[in-house]
Amino acid sequence: MSNSAKLSTGGKDLEYPVLSGTVGPEVIDIRKLYGQTGQFTFDPGFTSTASCESAITYIDGDEGVLLHRGYPIGQLAEHSSFMETSYLLLNGELPSTSELADFTRTISRHTMLHEQLATFYRGFRRDAHPMAIMCGVVGALSAFYHDSTDISDPLHRKISSHRLIAKMPTIAAMAYKYSVGQPFMYPDNSLSYTGNFLRMTFGVPAEKYEVIPAVEKAMDRIFILHADHEQNASTSTVRLAGSSGANPFACIAAGIACLWGPAHGGANEAALNMLKEIGTPDKIPHYIARAKDKNDPFRLMGFGHRVYKNYDPRATVMQSTVREVFDALKVNDPLFETALELEHIALNDPYFIDKKLFPNVDFYSGIILSAIGFPTTMFTVLFALARTVGWVAQWNEMISDPNQKIGRPRQLYTGSTERDYVPLDKR
Ligand code: ACO
């Protein structure tokens, strides 16, 4: 074997192939390990495990690089649109003018929801977290669109992918409208994907809604920044759920549930809440000390990342977008100054330097979203909306892979060995 890894275990000398991708770390192919040795590998949190082969997104966390189908995220954020980036993620190449027009038209034709779905919303309490509504309504799509759930049929997969990408803004906006007691707004397909979402969220039937181009652009860019991020927790959840053959709507609902957690998509909400709690720059040292204290559960939200051990490239774009939105809306939020100061202090503190903790995409996004008018509970919903394209691209890639297997990790069992049942009166 030319490129292999040797392992001596259980009295055997074994050799495993080392596989190379186009770029990035090599992987040791241990698929035969259990069959040959009766042993598993142990890697909770998958810190050293590649769970699949993928050609969609590449991250070099040490260098702060994020590529979609080879294109750097900074270039996409500057020059592309969310629709174009979605096409790229789904199809592997940037579209021609006519391909982009066709794709955009197809998506806009799927923006409406089955009318009966509106009654679902009324079953939720008004104060329900919109992510709870998202989990429920997206899961329910499988009950409404069962004409596209034969996952072995590429056309069904394509239609359900388009439906998910197109309907997510409508579902998200309706979750918001329900929480504030305003009427649902039907989509306006003459607007862009993002402009339509803003109108469905902030418009009311009684008045004409004017989309502010700078806000539309900033929001579109935020969607691009969140579109995909290789095998993160929610994407891995979508893949794992999909590996059993579950329908795409149910799989995406599972991804939404995972994204909700504060260690993942919920961090943008947590980051803004933290900045509000800190309030003014003079309080920063107190919170930095708490973040460093091992006995205090407090962490700097929006800081640190499993993969990035350098500045998250998305945070760079996010930081510059704050100013654009402030200028367009003629607002200023003192929390931005607090955030800049917090970043500055943390990046010069040996604790954060040694642990390679840098701002991630969520550190600045809350400030922008709040300036646009979104309540904090909607932040993770916006993340889910944008990440849907990444989820469906990854799900499609997995289902199309002829070597695809059900995802079934093993364990290191530390419970009781076999023992006899003890009747209740003898315990
Ligand atoms: N504040 C203070 N200390 C931190 C932070 C933080 N935000 N993040 C990590 N650390 C410390 C840990 O205490 C740990 O210290 P130790 O080695 O002394 O025990 C060390 O840095 C490594 O941290 P882990 O939690 O082991 O790293 P992991 O890769 O498992 O976690 C995570 C990554 C969950 C993102 C973590 O950095 C965190 O909780 N950050 C805050 C939440 C956040 O912003 N999440 C958004 C992630 S981006 C996204 O999902 C879009």
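The values are calculated or read from the model by the stated rules, or taken from the named source; none is laboratory data. What you are looking at is a predicted structure, and each value in this text was computed from that prediction instead of being measured. Cβ sites come from the backbone with ideal geometry, for glycine too, and all protein chains shown count toward neighbours.
Some observations on this one:
- Scanning the stretch 250-281 for residues that are modelled with pLDDT of 90 or more and among the acidic types (D, E) yields one hit, E277.
- Residue in the stretch 150-165 that is closer than 16 Å to H110 by Cα and among the polar types (S, T, N, Q) present: yes
- Filter result for the condition that a residue is of a type in the set (S, T, N, Q) and buried (at least 19 other Cβ atoms within 10 Å of the Cβ), over S86, S98: S86
- Qualifying residue in the stretch 271-278 (condition: within 13 Å of the ligand (Cβ to nearest atom) and without any contact (Cβ under 8 Å) to a residue 40 or more places away in the chain): yes
- Taking the listed residues D220, D228, the one that is surrounded by 18 or more Cβ atoms within 10 Å (Cβ to Cβ), under 23 Å from T316 (Cα atoms) and within 12 Å of the ligand (Cβ to nearest atom) is D228, with no other qualifying.
- Any hit, the stretch 330-344, residues being surrounded by fewer than 18 Cβ atoms within 10 Å (Cβ to Cβ), in contact (Cβ under 8 Å) with a residue 60 or more places away in the chain and of a type outside the set (A, V, I, L, M, F, W, C): yes
- Scanning the stretch 296-320 for residues that are more than 6 Å from the ligand (Cβ to nearest atom), over 17 Å from F383 (Cα atoms) and among the basic types (K, R) turns up just one, K309.
- Matching residues in the stretch 178-190 - criterion: being out of contact with any Ser or Thr (no Cβ under 6 Å at 6 or more places or on another chain) and surrounded by fewer than 19 Cβ atoms within 10 Å (Cβ to Cβ): V180, G181, Q182, P183, F184, Y186, D188, S190
- Of all residues in the stretch 399-427, those that are within 30 Å of S244 (Cα to Cα) have Cβ atoms under 6 Å from Cβ atoms of residues that are assigned to a loop (DSSP other than H, G, I, E, B), 6 or more apart or on another chain, in I399/I151; I406/S243; I406/S244; G407/S243; R410/F40; L412/F42.
- Candidates I256, I288, I252 - the one that is over 22 Å from F374 (Cα atoms), away from the ligand (no atom under 13 Å from the Cβ) and among the β-branched types (V, I, T): I252
- Filter result for P285 (touching a strand residue (DSSP E or B) at 6+ places or on another chain (Cβ under 8 Å) and modelled with pLDDT of 90 or more): no
- Residue match in the stretch 367-387 (condition: farther than 30 Å from H162 by Cα, of a type in the set (S, T, Y) and modelled with pLDDT of 90 or more): no
- Flag if R427 is touching a Ser or Thr at 6+ places or on another chain (Cβ under 7 Å) and not β-branched (V, I, T): no
- Here is the figure for the stretch 366-381: residues that are within 17 Å of E277 (Cα to Cα) and either crowded, with 24+ Cβ neighbours inside 10 Å or touching a Leu at 6+ places or on another chain (Cβ under 8 Å) (or both) total 4.
- Considering (1) more than 23 Å from L272 (Cβ to Cβ); (2) of a type in the set (A, V, I, L, M); (3) away from the ligand (no atom under 16 Å from the Cβ); (4) out of contact with any Cys (no Cβ under 9 Å at 6 or more places or on another chain), the lone condition that I353 does not fulfil carries the number (3).
- For the stretch 27-73, a residue qualifies if it is among the β-branched types (V, I, T), under 19 Å from the mean Cα position of the chain (by Cα) and surrounded by 13 or more Cβ atoms within 10 Å (Cβ to Cβ), and the qualifying residues are I56, T57, I59, V65, I73.
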